[in-house]
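Derivation of every value follows stated rules applied to the coordinates shown; laboratory data play no part. Only a predicted model underlies this, so the values are computations on that prediction, with no experimental measurement involved. Quick reminder, even Gly has a Cβ in these numbers, built from the backbone with ideal geometry, and neighbours come from all protein chains shown.
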Amino acid sequence: AGKENPLVLSWHDTAWLPALDPTNVMDYFSERSNPFYDRTCNNEIVKMQRLSPDQLTHMTGLEYVLLHAQDPILYVVRKQHRHSPTQVTPLADYYVLAGVVYQAPDLGSVLNSRLLGAAHSLQGALHEAMGYSKYHPSRGYWWQFKDTPAATPATTAPATSSSSAPSNTGASLFQRRRVDMLLAELAAKFPPEPPKPETADVKPAKAADKKQTRPAS
């Protein structure tokens, strides 16, 4: 089974809640039952050897430090890897809010959650908009929303009777443009053959069978 996502976990110990303050919040965080606390950290070595917490700055490896305290409601604990007394790499932040410990989400998780929420809302809006889109060959596309008053039977009756009779109305602008576009596509796919030049049949003039006679002088 895969490891549970720490962003959905929380932990608290009711025995500590009335007495939490900046001096003991790190001891509270290092309880064995806290799933966010790694017992291989330098804090555990300092505690077992009864050293001063200041010795953490002279060690290398994983450690937890109190980053921010807003007594008595909020404390922020940082998990970091120490390379030297002046160089550390932050790994995770945890906040203790009213005695309950949570892991603060990283920037990637926050952006991913916001993008998923925005995409879900956009998808729902597009699906709803598609339900309002209508189409008719003689009219084209248009929007018909729910608040548009529906036609009454009295108004639809003449339209029904008139629809049975042949309509003499001309084509709409949409129909004319559509027909022009279809004709242009057909002409591009099946261009007409160019007309062949006509050849004139020229027959040679026949010589006169009879010679012209001179008039008598």
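Here are the numbers:
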read-out	value
Taking 56, 51, 183 and counting other C-beta atoms within 10 Å, the order from fewest to most	183, 51, 56
Relative contact order, percent, region 1-132 [alpha-carbon distance under 8 Å, six or more residues apart]	22
Centre separation in Å (Cα based) which lies between region 69-97 and region 1-61	11
91, 126 arranged by Cβ crowding within 10 Å, fewest neighbours leading	126, 91
Kirkwood hydrodynamic radius over Cα pairs of region 1-49, then Stokes diffusion coefficient at 20 °C and 1.002 mPa s, in µm²/s	172
Residues 32, 177, 78, sorted so that the one with the fewest Cβ neighbours within 10 Å comes first	32, 177, 78
